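A.B. asks: Below: one structure in structure tokens.
The values are calculated or read from the model by the stated rules, or taken from the named source; none is laboratory data. Predicted model only: the values in this text are computed from it and were never measured. We place every Cβ from the backbone using ideal geometry, glycine too, and count neighbours over all the protein chains shown.
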Amino acid sequence: MPLFDRKDKSRYASFTRRSLGLTGGMAAVFAVLGGRLYQLQISNGDQYKTKAEDNRVNQRLIAPPRGRILDRFGVELANNRRNYRVLLVSEQATEGVAAALDAIGKVIVLSDAQKKRVARDIAENKKFVPVPVAENLSWEEFARINMHLPYLSGVQPDVGETRDYPYGAELAHILGYVAAVSVDDKKDNEDPLLDLPGFRIGKRGIEKAYDAQVRGTAGASRVEVNAYGRVIRELSRDSGTPGQDVWLTIDRELQAFTDQRLGTESAACCVLDAQTGDVLALSSTPGYDPNLFNVGVTPDQWKAMTTDDHKPLVNKVLSGAYPPGSTFKPAMALAAVQNGLADLKVVCTGAITIGNHEFHCYQRGGHGGVDLHRGIQVSCDVFFYEVARRLGIDKMEAAARAMGLGSAAGIEIPGENSGFIPGAAWKEARYGVPWQMGETLVTGIGQGYVLTTPLQLATLAARIASGRAVTPRIVHAVGGVAQPRPLPDPLPFSDDAFAAVRSGMNAVCNEPGGTAHRWRIEEPGMEMAGKTGTAQVRVITKQERATGVKGNMSLPWKMRDHGLFIAFAPVLQPRYALACIVEHGAFGHPQVQMAHDILLFAQTRNPLAMRTAYPTSAALSSPPAPLGGQG
Amino acid sequence: MTTRPYAAARRTLSISDKLFEVNWGLVLLITIIACVGFAMLYSVAGGSFSPWASPQILRFMAGFAVLVVVACIDIRIWMSLAYPAYALSLLLLIAVVIAGHVGLGAQRWITLGPLGLQPSELMKISLVLALARFLHGLSIEDISKPLNLGIALAMIGVPAVFVVLQPNLGTTLIILADGASMLFLAGLSWWWIAPALVSVAVAVPTAWQFVLHDYQKRRVLTFLNPESDALGAGWNITQAKIAIGSGGVTGKGFLEGTQSKLNFLPEKQTDFIITNFGEEFGFVGCIALLILFAVVIGYGIQIANSARSQFGRLLAMGVTLNFFFYIMINASMVMGLIPVVGIPMPLISYGGSAMLTVMFGFGLLMSVHVHRQVEIPRQGGII
């Protein structure tokens, strides 16, 4: 048998044929691959380039610096300070988040609440987003973290910015505070900054009202990220628009004095520029440290604040509604003069009887013959009962409203109470019972249904002092732009009416027998005019009146009367108007003593005359002088 | 080395003759392609020889030595070793399925001292060798006889079953493709081929139902609609396409690819290495690389057709086709033409077993070339 035969030849030929066929097939496959490359890289290349760029580049938000809040002289009332903090990136915590937190807990103190919050933040964010674990660390704590860093996986020390209130509680009720963003805050707000872990938002006061302005707009850092979202390098950076500065009308020095003067009482005081309505000081004591809310209030601190019967969280100037008592009488006196009762004379015997009801004067023995001037000076109730009886509730209501009572003054701080001025129509609608004459009399001395806020009372004082419809305002400029300030409208009372009331209020302080004479300002040219008031917080029964009304000091604190005072100074050319109330503090008129000190301080310092302040009514249109400052 | 029955060889070659006969042009091409691989491994490591480029260079050097040594060994010796090699590969394959080391959810590795060995890689070469030997002994008429065909199919089928059990779908496909194309080359009658194609068409849905693993099915499904799960199982395909596509005409430049360096590419140093090449060198680079591959394959076809023995022809063509299938499957996979099946790009992807077996295969191809004049009778026995 030959080694090779025809069969070999035929299969060689077949092999060659078929291998050529396969070669063709392979060539076809290569052609397909080449075509696919053409499709991917040339036809769709640009599209894939964009996708690769999108992959690679990630936008990181940068929180802009929050705008400062300044007083009228440019003193920083709220600014930003360095915030040493520790962030945790859950993706990089190789032994898990719990282990990482335990490790951090060995270096700095971490509460269980903090750990819980971190766990929640991590659950709500992508795993490469750094979540704050602890903030506002001391330099020492921060240094400790940095030293232990090699053993803390996923931990990033970071120096951020946080809000700082250098004057603490003193301005808490004006500025409010910032705190962590809540779910409700995000509801109808699209700002991406709100999703930034650790971001703070204004929750009260100016911080809340002007949050949009002081927040600024988010900056963005375009960073190259890897497939896990980790930042490789920064490509470009837009630091956003810093928040705008808000200039207040407040004078920090006067504010500090006022706040200190109110001391530990549950009290409220508001000092206005009597001509323009600028709020120079607005103090409600006790206050609270707004920095606590930024850092995070502990449950104990929160409990202490909410259970305190002096209500540190309530801004009593705006939100406290009190019966004005006798401080209501000047408004009634204006209405009396306007309605032809300028020469009214009444003999006070200590009480008058209307129908079968007896209405008492606080002076049991009576004041004897009383005219308008003396009625204000000695605060004779019987005189104002008679005024009220003659005016009727409708005219009284109109006068009170004209003087700024019974509706919100419209100050820029949120949370204002509108107070209340009753009327016949209201009573009818509310209770279905007609208005009674007795109610008219009680209203005439600022009792009954009447409620006012200290801010409204300060407005009342300013309106009496200036004779114009001054409205309080506290924000002077935002972002370098002065806020519109229309000239106050005239009031529907004659100059004679104002003159008569101012004269009566002057007598309160500066004529012997006046209810505030003992605490008058004696410095020449600085004398104040005022009106005292006492607001009963309990009903005095007939039996008690028979046996003798109990002295305030013999009652428990909560039952004592509120002491009120409205005033302006100097008498002849009023510049400063004030209202002051000490809750349950009528005895000894501490509120008058406070007003004395505050008005004296205000005039001695005289912030309204200082040239370094922003321009006042003289040059409304020009921008404030030292605005901008250093960033 | 030659013995009597095979004395048809015109002369006996010395070692230096053989080295002279080696097609150094082809070796140079292979080296160039491997260098492309080193550059890519250097690039995906962010411009560093560690951890991938350096070991790969050492492996290539070892592979280079294997190539030269294998090339100098007479093809008749390889013919005589074909069945033992096949048997050994099959044993290792069974061993790895039974007691294999678990890696990537699949049992593919067997540990021999410091080396991780993939018996399925060995099997591809062993199968080509064994089939070449078996088919060498059959005339065209013989091949289409049911018994012979049955034996050949069993030689292909048994390892295929064990590889699919590992489970390693990509390698199974290559084994089946290698085997089928060798039967075709050996002259299998169209009367068999046509019904086989029909039955494959039937078998695919069946395999889908009963054979494929969940993760394999998922790969197929996400392949069909990668955007359906762009961050999940479709991630590989989507990101690979973005990488290649974003290269554009001329690419982003060496070391400038962002997809792999930022870890958007899965298994960037192994199966998806070519996406980095596409990103950095663009369409021009990819076509150039395809041409390099095509020239290597062309050499292989030419060597096969110039060999005087059927064993040599089948062996050379089998090795060449094996190389081609690697390229085809890997390239189609990374370009989103077929599902992701886990096949490396030969000479370029990082990996020891693949590098050594590919170089061993080129050694066999070169041996065929060096011994192209050797004639081996069809009915002849073996040394």
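A.B. asks: From the set of residues in segment A:188-207 that are touching a Phe, Trp or Tyr at 6+ places or on another chain (Cβ under 9 Å) and in a helix (DSSP H, G or I), which is surrounded by the most Cβ atoms within 10 Å (Cβ to Cβ)?
C.D. replies: The qualifying residue surrounded by the most Cβ atoms within 10 Å (Cβ to Cβ) is A:E207.
A.B. asks: Separate question: If A:I62 passes every condition in (1) at the interface with chain B (Cβ under 8 Å from one of its Cβ atoms); (2) closer than 25 Å to A:E161 by Cα but one, which one does it miss?
C.D. replies: That leaves (1) as the condition not met.
A.B. asks: So which of B:L149, B:L135, B:L127 is away from chain A (no Cβ under 11 Å), surrounded by 22 or more Cβ atoms within 10 Å (Cβ to Cβ) and in contact (Cβ under 8 Å) with a residue 12 or more places away in the chain?
C.D. replies: Just one listed residue meets the conditions, B:L127.
A.B. asks: Can you name the residue in segment A:362-377 that is out of contact with any Lys or Arg (no Cβ under 8 Å at 6 or more places or on another chain) and without any contact (Cβ under 8 Å) to a residue 24 or more places away in the chain and, of all such residues, is farthest from A:E544 (Cα to Cα)?
C.D. replies: Quick first cut of segment A:362-377, residues out of contact with any Lys or Arg (no Cβ under 8 Å at 6 or more places or on another chain) only: A:362-366, A:368, A:372-374, A:377.
Those left that are additionally without any contact (Cβ under 8 Å) to a residue 24 or more places away in the chain: A:363-366, A:368.
On the way: A:Q363: 16, A:R364: 13, A:G365: 17, A:G366: 19, A:G368: 24 Å.
Result: A:G368.
A.B. asks: Pick from A:R6, A:R68, A:R56: which is facing chain B (nearest Cβ under 7 Å) and of a type in the set (K, R)?
C.D. replies: Details: A:R6 fails: facing chain B (nearest Cβ under 7 Å); A:R68 fails: facing chain B (nearest Cβ under 7 Å).
Selected residue: A:R56, the only one of A:R6, A:R68, A:R56 that is facing chain B (nearest Cβ under 7 Å) and of a type in the set (K, R).
A.B. asks: Continuing with this model, one more query. Considering only segment A:125-157, state which residues are surrounded by fewer than 16 Cβ atoms within 10 Å (Cβ to Cβ), within 21 Å of A:N294 (Cα to Cα) and among the charged types (D, E, K, R).
C.D. replies: A:E140
A.B. asks: Among (1) modelled with pLDDT of 90 or more; (2) away from chain A (no Cβ under 13 Å), where does B:V341 come up short?
C.D. replies: (1)
A.B. asks: Looking only at residues in segment A:400-440 that are among the β-branched types (V, I, T) and in a loop (DSSP other than H, G, I, E, B), which one is surrounded by the fewest Cβ atoms within 10 Å (Cβ to Cβ)?
C.D. replies: A:V433
A.B. asks: So, one more: Could you please find all residues in segment A:83-101 being touching a residue at least 40 places away in the same chain (Cβ under 8 Å), buried (at least 16 other Cβ atoms within 10 Å of the Cβ) and farther than 16 Å from A:N125 by Cα?
C.D. replies: Answer for segment A:83-101, where residues must be touching a residue at least 40 places away in the same chain (Cβ under 8 Å), buried (at least 16 other Cβ atoms within 10 Å of the Cβ) and farther than 16 Å from A:N125 by Cα: A:N83, A:Y84, A:R85, A:V86, A:A100.
A.B. asks: Moving on. Conditions: (1) at the interface with chain B (Cβ under 7 Å from one of its Cβ atoms); (2) out of contact with any Lys or Arg (no Cβ under 8 Å at 6 or more places or on another chain). A:Y48 meets all but one. Number of the miss?
C.D. replies: Unmet for A:Y48, out of (1) at the interface with chain B (Cβ under 7 Å from one of its Cβ atoms); (2) out of contact with any Lys or Arg (no Cβ under 8 Å at 6 or more places or on another chain): (2).
A.B. asks: Does B:G318 satisfy being more than 10 Å from every other protein chain (Cβ to nearest Cβ) and more than 27 Å from A:T16 (Cβ to Cβ)?
C.D. replies: Against the criterion (more than 10 Å from every other protein chain (Cβ to nearest Cβ) and more than 27 Å from A:T16 (Cβ to Cβ)), B:G318 does not qualify.
A.B. asks: List the helices (runs of 4 or more DSSP H) inside segment A:244-350, counting only whole elements, that have at least 2 residues being farther than 30 Å from A:A499 by Cα and touching a residue at least 24 places away in the same chain (Cβ under 8 Å).
C.D. replies: A:252-262, A:290-295, A:316-319
A.B. asks: Can you name the residue in segment A:259-284 that is surrounded by fewer than 24 Cβ atoms within 10 Å (Cβ to Cβ) and polar (S, T, N, Q) and, of all such residues, is nearest to A:T453 (Cα to Cα)?
C.D. replies: Checking each candidate, the answer is A:S266.
Every residue, every condition in (1) in the same structural domain as A:G504 (by TED's automatic domain parsing); (2) within 30 Å of A:V470 (Cα to Cα); (3) in contact with a strand residue (DSSP E or B) (Cβ under 6 Å, 6 or more places away or on another chain); (4) not in a loop (DSSP other than H, G, I, E, B), yes or no:
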position: A:V539; (1), (2), (3), (4): yes, no, no, no
position: A:Q543; (1), (2), (3), (4): yes, no, no, yes
position: A:K550; (1), (2), (3), (4): yes, no, no, no
position: A:K558; (1), (2), (3), (4): yes, no, no, yes
position: A:G563; (1), (2), (3), (4): yes, yes, yes, yes
position: A:I566; (1), (2), (3), (4): yes, yes, yes, yes
position: A:V571; (1), (2), (3), (4): yes, yes, yes, no
position: A:P574; (1), (2), (3), (4): yes, yes, yes, no
position: A:A577; (1), (2), (3), (4): yes, yes, yes, yes
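A.B. asks: Applying the selection to segment B:301-344, what residues are without any contact (Cβ under 8 Å) to a residue 24 or more places away in the chain and assigned to a loop (DSSP other than H, G, I, E, B)?
C.D. replies: Within segment B:301-344, B:L337 is the sole residue that qualifies.
A.B. asks: What about B:L347, is it facing chain A (nearest Cβ under 8 Å), touching a residue at least 60 places away in the same chain (Cβ under 8 Å) and under 22 Å from B:L122 (Cα atoms)?
C.D. replies: no
A.B. asks: State whether the residues of segment A:26-46 include one that is at pLDDT 85 or above, of a type in the set (K, R) and not assigned by TED's automatic domain parsing to the domain that holds A:S153.
C.D. replies: yes
A.B. asks: Report, by residue number, each residue of segment A:15-43 that is at the interface with chain B (Cβ under 7 Å from one of its Cβ atoms) and either surrounded by fewer than 17 Cβ atoms within 10 Å (Cβ to Cβ) or closer than 30 Å to B:I242 by Cβ (or both).
C.D. replies: Within segment A:15-43, A:T16, A:M26, A:V29, A:F30, A:L33, A:G34, A:R36, A:L37, A:Y38, A:L40, A:Q41, A:I42 qualify.
A.B. asks: Going through segment A:144-187 one residue at a time, which ones are part of a strand (DSSP E or B) and over 20 Å from the mean Cα position of the chain (by Cα)?
C.D. replies: Those that are part of a strand (DSSP E or B) and over 20 Å from the mean Cα position of the chain (by Cα): A:V155, A:Q156, A:P157, A:D158, A:V159, A:G160, A:E161.
Okay, residues lined up against (1) farther than 15 Å from A:A336 by Cβ; (2) part of a helix (DSSP H, G or I):
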position: A:G369; (1), (2): yes, no
position: A:A398; (1), (2): no, yes
position: A:L455; (1), (2): yes, yes
position: A:T459; (1), (2): yes, yes
position: A:R463; (1), (2): yes, yes
